[in-house]
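Below you'll find the structure, written out as structure tokens, and then a few comments.
FYI, it's all coordinate maths here, none of it is from the lab. Keep in mind it's a predicted model, so treat the numbers as computed, not measured. Ideal geometry is used to build each Cβ from the backbone, glycine not excepted, and the neighbour counts take in all protein chains shown.
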Amino acid sequence: MTETLTPALGPATGGPPLSRLADDDLELLLLIRHFELTLLQLYGRGELNGTTHTCLGQEYVPVALRPLLGPGDFVFSNHRGHGHYLARFGDAHGLLAEIMGREGAVCGGVGGSQHIHRDRYLSTGVQGESLPVAAGVALHLRRTEPGALACVHIGDGTWGEGAVYEALNMAALWSLPLLVVVENNGIAQSTPTAAQMAGTVAGRAAAFGVDHHLVVSADVNEIRTGLEPLVARVREGRPLVVEFVTHRLGPHSKGDDTRPPEAIRAAEENDWYARYAQDHPEHFHRFDGPARALVQGVADEVAARPPSRWSPCA
Amino acid sequence: MRVAENLNAALHGLLDDDPTAYVLGEDVLDPYGGAFKVTKGLSTRFPDRVITTPISEGGLTGVAAGLALTGNTAVAEIMFGDFAALAFDQLCNFAAKSVSMYGSRLPLRMIVRCPTGGGRGYGPTHSQSLQKHFVGMPGLALYEMSPFHDNRDVLAAMVDRGEPCLFFEDKVLYTRPMGQADPLFRARLDGGLAVVDPVVPELAARPDYVIVTPGGTAHRALEAMRSLLVEEEISGRLLVPSRLYPLDVEALLPHLGGVVLVAEEGTAGGTWGGEVAHLVHQRIWERLRGPVRLVHSAASVIPTAAHLEREVLLTASAIHHAVREALRG
């Protein structure tokens, strides 16, 4: 069992340099980063309705997982799911149209930021709710499509929900191909993990006899190498909890960050974006500007579209 | 055949005919076969598709939703309908929403069975009729078991609906016979609506009043109808819809007269009957002699002791009394 981790307050610097990324990984990371930054700008200008939760600082989690998941796998995402969607489909236009309620929206503008369904990808906005559903999907996959898995993204705060434990119990009992990806960013909305979680994620997984794998690195290549054999075991019916110790760079939603400056500074110092720019400046700058321009183009194009249409009785 | 046997046979039939059908719940395996024996024999015949679960109503309802999401037909049993409260999030925020919140219709074949109601001395948390708490949820349909509706047809209707359905099964019905028991009345089906009239054609043609009731209350309504007929020569008609919500009120209208009552076992306040009354008022207010009258259990917890439980729950005599009041105008 590991100790409680409070990454946002931990030592920030002195990590080893990040390894060089494949071009497509870097492009995807930057696409997600600039997508999220653009959203915050749009909100700031009052051009978006409702709310959103950006994954700034956590982009590398779905990017690292991307080649480990196949089209036959289900992915369940949560409120902070833009990166998960973009890593799966690369479809910035459809996602932004969904968030802006414009024509071409993935779900007609009904679901918005946190309720998206496309093929074998589904997100929903209630904490922990998707775990039992994913267990049911994993049960189906084990029986009808052996080798496929159900992956669920949750946060550290999600562990407050009983549904998590009901699902872990069933997943272990029934040997389900269930991969639980925990993005432990050290803070649940405004509450530090230490103030809402007794014990550890590892200890909770161990209580059910479920394997737990801790990822503290933000190095996509390194993470993948570590995860590959473990994910293969999930496909054989051995559920797994992968806990990423990560950093939420931005606010919970928008303009609601009450963390002390040192906590935000620690998150910034751990940010893969700045680190990669420093470790691989040429590679970074070759792709960063174009990614920024691409997302700007998407935003301009989608904003000009007519509103999405939907019939409540459809 | 008793109602529980009819339902059991219907579940056997569903698993027989539909290779994607699953039944899951607590203690559903043989030799136990469920707390009310409704799943008896299923796990012996279909060991791969009858799954016993931990005591996790929210979790097992979510698993059922996951099975439905991947194209299966999922039947979940909540041991006591009271515990559907533990599955409220999965039903309201996941299953019901998923049918439409992703912009296009996402069909889910999912039935959640809820043994319901009092009269057996199980006390406040094992005797409730929670239908009213689920009324009005877009994407969630409510059905109730009845002695007049073959459960095979009802299961098929719920599956064909392609959205999550709650199936309320009044526990008192399990041991009662299917079909009509009272020789004074005859039941017939008009689509999903059971219409029960006096056997005597002249009485059937001109009912003095009409009672609308879910299946679990039907026998109490019939008891009241018998006493009204025999003791006071007042003749009535009983309407038992299989689907409570959304209610097909148009199907009721041809069978209604000037005096209409709704009888149900749920406790007072925010009742299903209130919804029925509103729908009827909207359509035939001018034809009614007075507002639709609601009869239900008291606004109370349901006590365990038999004499106390009787004071709270809807009785035949309360229905009898309400009919007389309504006719008096």
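So which lysines can B:Lys40 reach, going by Cα to Cα under 23 Å and dropping same-chain residues fewer than 8 places off?
Straight-line reach from B:Lys40, under 23 Å: B:Lys171.
Enumerate the calculated ³J(HN,Hα) couplings along the range A:207-220 in order (Karplus 6.51 cos²θ - 1.76 cosθ + 1.60, θ = phi - 60°), each rounded to whole Hz, writing x wherever the residue is Gly or Pro.
Values, residue by residue: 4, 9, x, 9, 4, 10, 10, 9, 10, 9, 7, 10, 8, 4 Hz.
Which value, to two decimals, describes the C-alpha radius of gyration of the range B:3-173 once divided by 2.2 N^0.38 Å?
Numbers: Rg = 14.6 Å, N = 171, 2.2 N^0.38 = 15.5 Å.
The reported ratio for this selection is 0.94.
Considering only B:Ala194, B:Ala305, B:Ala21, give the residue with the highest GNM mean-square fluctuation for chain B, with springs between Cα atoms whenever their separation is below 10 Å.
Looking only at B:Ala194, B:Ala305, B:Ala21, the largest GNM fluctuation is found for B:Ala305.
With no solvent and one equal point scatterer placed on each C-alpha of chain A, evaluate the Debye formula and give log10 I(q)/I(0) for q = 0.07, 0.08, 0.15 Å⁻¹, two decimals.
Relative scattering, expressed as log10 I(q)/I(0), comes to -0.26, -0.34, -1.27.
Can you show me the helix-derived [θ] at 222 nm for chain A, built from DSSP H runs with n ≥ 4 at -39,500 (n - 2.57) apiece and divided by the number of residues, rounded to the nearest 500. If you can, show how the numbers build up before the last one.
Working: 11 runs with 135 residues, N = 314.
Estimated from H runs of four or more residues: -13500 deg cm²/dmol.
Return the distance in nm (one decimal) between the two label points of a simple spin-label model at A:Glu222 and B:Asp153, each offset 7 Å from Cα along Cα→Cβ.
Once both label points are built, they end up 6.8 nm from each other.
Using all C-alpha to C-alpha distances in chain B, build P(r) with 20 Å bins and read off the rounded percent in each one.
Calculated over all Cα pairs of chain B, the distribution is 33, 57, 10 percent.
Testing the spin-label approximation: label points 7 Å from Cα along Cα→Cβ at A:Ser19 and A:Arg305. State their distance in nm.
Calculated label separation equals 3.8 nm.
Suppose a student asked you for the relative contact order of the range B:3-173, using Cα pairs under 8 Å spaced at least 6 residues apart; what percent would you report? Don't skip to the answer; put the middle values down first.
On the way: 336 pairs, mean separation 38.4, N = 171.
Dividing the mean separation by the residue count of the range B:3-173 yields 22 percent.
Under the Karplus relation 6.51 cos²θ - 1.76 cosθ + 1.60, θ = phi - 60°, what is the ordered set of whole-Hz ³J(HN,Hα) values for the range B:298-311, x standing for Gly and Pro?
Values per residue, Gly and Pro as x: 5, 7, 7, 5, 9, x, 7, 4, 4, 5, 6, 4, 4, 5 Hz.
Got a sec? How would B:Asp182, B:Asp190, A:Asp156 order by Cβ neighbour count within 10 Å, fewest to most?
B:Asp190, B:Asp182, A:Asp156
For B:Arg2, enumerate residues with amide H under 5 Å from its amide H, sequence gap 5+ or separate chain, H modeled in the peptide plane.
B:Met178
Report P(r) for the range B:185-328: all Cα-Cα distances, bin width 10 Å, range 0 to the bin holding the largest distance, values in whole percent.
That works out to 12, 45, 35, 9, 0, in percent per bin.
Using 0.36 nm per residue of separation minus the Cα-Cα distance, give me the extension gain between B:Val200 and B:Arg2 in nm, one decimal.
Details: separation 198, 0.36 × 198 = 71.28 nm, distance 2.67 nm.
Length gained between B:Val200 and B:Arg2: 68.6 nm.
Give, as a single signed number, the net charge of other residues whose beta carbon lies under 13 Å from the beta carbon of A:Asp25, with Lys and Arg counted +1 and Asp and Glu -1. Could you put the intermediate results ahead of the total?
Numbers: positive: A:Arg20, A:Arg33, A:Arg66, A:Arg224; negative: A:Asp23, A:Asp24, A:Glu27, A:Glu59, A:Asp219, A:Glu222.
Value of the local net charge: -2.
For the pair A:Ala232 and A:Thr51, how long in nm is the line joining their label points, each one 7 Å along Cα→Cβ?
Those two pseudo-labels are separated by 4.3 nm.
Using a Förster distance of 35 angstrom, determine the FRET efficiency expected from the C-beta separation of B:Asp248 and A:Leu173, and round it to 0.05. Don't skip to the end; give the middle numbers.
Working: r = 42 Å, r/R0 = 1.19.
Calculated transfer efficiency: 0.25.
I'd like the per residue volume of the convex hull spanned by the Cα atoms of the range A:41-86, given in cubic angstrom.
Working: hull volume 4.1 nm³, N = 46.
With only Cα atoms used, the range A:41-86 gives 88 Å³ per residue.
Which log10 I(q)/I(0) values does the range A:1-148 give at q = 0.17, 0.19 Å⁻¹ under the Debye formula, counting every alpha carbon as one identical point scatterer?
The computed values of log10 I(q)/I(0) come out as -1.09, -1.24.
Taking K and R as +1 and D and E as -1, what net charge do the other residues with C-beta under 10 Å from the C-beta of B:Asp197 add up to? Numbers along the way, then the final one.
On the way: positive: B:Arg186, B:Arg188, B:Arg237; negative: none.
Value of the local net charge: +3.
Taking chain B as a Gaussian network, Cα atoms linked when under 10 Å apart, which of B:Tyr245, B:Tyr102, B:Tyr32 shows the biggest mean-square fluctuation?
Of B:Tyr245, B:Tyr102, B:Tyr32, the most mobile in the Gaussian network model is B:Tyr102.
If you take the square roots of the eigenvalues of the alpha-carbon gyration tensor of the range A:118-223 and sort them as a ≥ b ≥ c, do you get rounded (a/c under 1.5), prolate (a/b over b/c) or oblate? Let's see the in-between values first.
Details: a/c = 1.55, a/b = 1.46, b/c = 1.06.
Judged from the Cα gyration tensor, the range A:118-223 comes out prolate (a/c at least 1.5, a/b above b/c).
Bin all alpha-carbon pair distances of the protein assembly as shown at 10 Å intervals from 0 and give each bin's fraction as a whole percent.
Per 10 Å bin, starting at 0, the Cα pair percentages come out as 3, 15, 23, 21, 16, 12, 7, 3, 1, 0.
Restricting to Cα pairs below 8 Å that are 6+ residues apart, what does the relative contact order work out to for chain B? Please round to a whole percent.
Details: 698 pairs, mean separation 49.2, N = 329.
That works out to 15 percent.
Using only the Cα atoms, what convex hull volume per residue in Å³ does the range B:59-157 have? Intermediate results must be reported in sequence, preceding the final value.
Working: hull volume 10.5 nm³, N = 99.
Convex hull of Cα atoms, per residue: 106 Å³.
If R₀ is 22 angstrom, what is the calculated FRET efficiency for the pair B:Glu311 and B:Thr125, using the beta carbon separation as r and rounding to 0.05? Write out the running numbers ahead of the final one.
On the way: r = 18 Å, r/R0 = 0.83.
The value I calculate is 0.75.
Can you work out ³J(HN,Hα) from phi for every residue in the range B:263-269, in order, using Karplus 6.51 cos²θ - 1.76 cosθ + 1.60 and θ = phi - 60°, giving whole Hz and x for Gly and Pro?
10, 8, 8, x, 6, 4, x
Using 1/(1 + (r/R0)^6) with R0 = 30 angstrom and r between the beta carbons of B:Arg328 and B:Ala268, what's the FRET efficiency to the nearest 0.05? Could the numbers behind the result be given before it?
Values: r = 22 Å, r/R0 = 0.72.
The calculated FRET efficiency here is 0.90.
B:Gly236: net charge of surrounding residues, Cβ under 9 Å, Lys/Arg +1, Asp/Glu -1, itself excluded?
Details: positive: B:Arg237; negative: B:Asp197, B:Asp208.
My count for the surroundings of B:Gly236 gives -1.
If each residue's Cβ is checked for other Cβ atoms within 10 Å, how do B:Leu42, B:Leu173 rank with the fewest at the top? Walk me through the intermediate numbers first.
Numbers: B:Leu42 23, B:Leu173 26.
Ascending Cβ contact count within 10 Å gives the list B:Leu42, B:Leu173.
So for chain A, averaging the separation of alpha carbon pairs under 8 Å that are six or more residues apart and normalising by length, what relative contact order in percent results? Let's see the in-between values first.
Values: 565 pairs, mean separation 84.5, N = 314.
Answer for chain A is 27 percent.
What list do you get for A:His252, A:His153 if you sort them by fewest beta carbons within 10 Å?
Details: A:His252 22, A:His153 27.
Arranged by neighbour count, lowest to highest, A:His252, A:His153 become A:His252, A:His153.
Using amide H atoms built 1.01 Å from N in the peptide plane, name the residues 5+ places from B:Asp170, or on other chains, whose amide H lies under 5 Å from its own.
B:Thr116, B:Met145, B:Gly216
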